[in-house]
Amino acid sequence: MAGPTQPDDLSGNPSKELLRRFLVTFFLGVVVFRLGSFISIPGVDASVLRHMVSGSGDEGALAQVIRFADMFNGGAIQNASIFGLGITPYISASIILQLLTFSIPSLKALQKEGESGRRKLNQYTRYMTLIICIVQSAVASIALKNLHSDQGNQLVTWQDHPLLFTMQASLVITTGSMLILWIAEQITKFGIGNGVSVIIMIGILASLQAAFRGEGGADALPHYLGIACISLAIIAGIVVVVQAVRRIHLEQQRRIQGNKVYGGAQTTLPLKLNQANVIPVIFASPIMAMLGLIAANLGKTSGVEGLFSYGQPLYRYIFATLIIGFTYFYISITFDLFDLSNHFKQAGFFIKGVKPGKNTVDYLSYHLKRITFIGAIFLAVIAILPELLESSMGLSGRGGRMLMGGTGLLIVVGVSLDIMQKVGAFFLAHQYRGLGGLGDDNTESRKSGKRF
């Protein structure tokens, strides 16, 4: 849906337009989203849940799972907030629909219909998000009703009306999650960058304060300096890997018609080193959390309690293996080399020295597998690096895990780079418009330069 027409003075001045977008992003992402993170669900004592999850001790597998999920929500789960689910239902729905698009021919055909097909797919994603929100909110409401602290304090104060609380809490949590989705869409339309990515980044950055809480003191200064130095090194590595591409050179066939020569253009196919981004980590994390919960429940009888807990060697090996496996799985599902080869053939492009058809597919597959392996190893190392550094630097709390948690840093750095690129493209579009001599009365060109 197209946004409303903006005032002419803002569209004529790129600096004012950019400032307006920054203010919209700040208000919706920082003020509204963060304010909602502190509004608790009616009937829930948030202090009890905060006491169960906070601290750096061994609170059990459930507390570890909540703490990990809370890293992306900015502390909303600890506050028993109406925004407790965050934007994760939409992310899950997007990933599921993306995988289904490459498996169901009708959805794949819909994807090729252009803007109209994209709008329909977005609408299907919203419907799926609503369904996931309803299911997850019902499960969360039941879990809140049954949880209690070690001192026997109940989280829910409405113990006399369990059904009423479950229905009300499910409705409130679902509404909160859909409100976050609306905020993200408004940031995408009227703010800077992708709204979903901006919401996740704000949640991660907001968790830094809670992560370092209780780790102060004069003795903590060397640890802070070590965290800062290692984090800068990790960020530099992330920037290099995120920006790295393997370029496949393409040439267009030449056609001679009369006295004119057509074609002969040259271009490149960029294959990103980290093609899957953080999606393999998103796939692997719930599996590790489930294994931790199962081990914790069966540990008293089978002796495997804590075997899959955070910090254990087996946890790291299985987590890294799952990330590598899911990286290859995601690439194989979403990267159709045969379809890409057909596009080359239809457009008249070919790889120099490689025959079109199966030979092109084999050539691309060979290079894709090599760069995918490097990208998968990078993701695995980034994901398990916090555990290795915590033990070696004596960082027993959440501070080291949070700041050096490569998944969080990978998301923050990736979103920051995306925002920088879009800001540069925004100014470049205005610069070309000025060089073209377009006046203020050219309304259509102003509209085309406003969307990010």
* Structure fact -> Picking from ILE287, ILE333, ILE323, the residue that is within 15 Å of PHE373 (Cα to Cα) and modelled with pLDDT of 75 or more would be ILE323
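When you go through PHE338, PHE344 one by one, which is the residue that is touching a residue at least 12 places away in the same chain (Cβ under 8 Å), surrounded by fewer than 14 Cβ atoms within 10 Å (Cβ to Cβ) and not in a strand (DSSP E or B)?
Testing whether each residue is touching a residue at least 12 places away in the same chain (Cβ under 8 Å), surrounded by fewer than 14 Cβ atoms within 10 Å (Cβ to Cβ) and not in a strand (DSSP E or B) leaves just PHE338.
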* Structure fact -> Residue set GLN136, GLN154, GLN111, GLN123; condition in contact (Cβ under 8 Å) with a residue 60 or more places away in the chain and open to solvent by 30 Å² or more (accessible area, probe 1.4 Å); output residue GLN154
* If you go through the stretch 13-38 one residue at a time, how many are under 20 Å from ILE200 (Cα atoms), without any contact (Cβ under 8 Å) to a residue 60 or more places away in the chain and either of a type in the set (Ser, Thr, Tyr) or not in a helix (DSSP H, G or I) (or both)? -> 1
* Asked: Which of the residues spanning the stretch 188-198 are closer than 15 Å to LEU417 by Cα and either open to solvent by less than 10 Å² (accessible area, probe 1.4 Å) or among the basic types (Lys, Arg) (or both)?
  -> ILE192, GLY193, GLY195, VAL198
* Test set (1) modelled with pLDDT of 70 or more; (2) of a type in the set (Asp, Glu); (3) open to solvent by 60 Å² or more (accessible area, probe 1.4 Å) - GLU305 fails condition number -> (1)
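Going by what's in this entry, would ILE96 be described as buried (at least 16 other Cβ atoms within 10 Å of the Cβ) and among the β-branched types (Val, Ile, Thr)?
No: the conditions fail for ILE96.
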* Asked: Is one or more of the residues making up the stretch 170-180 open to solvent by less than 30 Å² (accessible area, probe 1.4 Å), more than 17 Å from GLN136 (Cα to Cα) and not basic (Lys, Arg)?
  -> no
* When residues of the stretch 79-138 are filtered for being more than 23 Å from ILE333 (Cβ to Cβ) and not in a helix (DSSP H, G or I), how many remain? -> 8
* To do: Return the total of residues in the stretch 322-335 being among the small types (Gly, Ala, Ser) and either crowded, with 18+ Cβ neighbours inside 10 Å or in contact with a strand residue (DSSP E or B) (Cβ under 9 Å, 6 or more places away or on another chain) (or both).
  => 0
* To do: Answer yes or no: is there a residue in the stretch 259-279 that is open to solvent by 80 Å² or more (accessible area, probe 1.4 Å) and hydroxyl-bearing (Ser, Thr, Tyr).
  => yes
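The values are calculated or read from the model by the stated rules, or taken from the named source; none is laboratory data. If you're wondering where the values come from, they're calculated on a predicted model, not measured in any experiment. Every residue, glycine as well, gets a Cβ built from its backbone with ideal geometry; the counts of neighbours run over all protein chains shown. Protein only, heavy atoms only, side chains kept; ligands, DNA and RNA dropped before computing areas. Shrake-Rupley method; radii C 1.70, N 1.55, O 1.52, S 1.80 Å.
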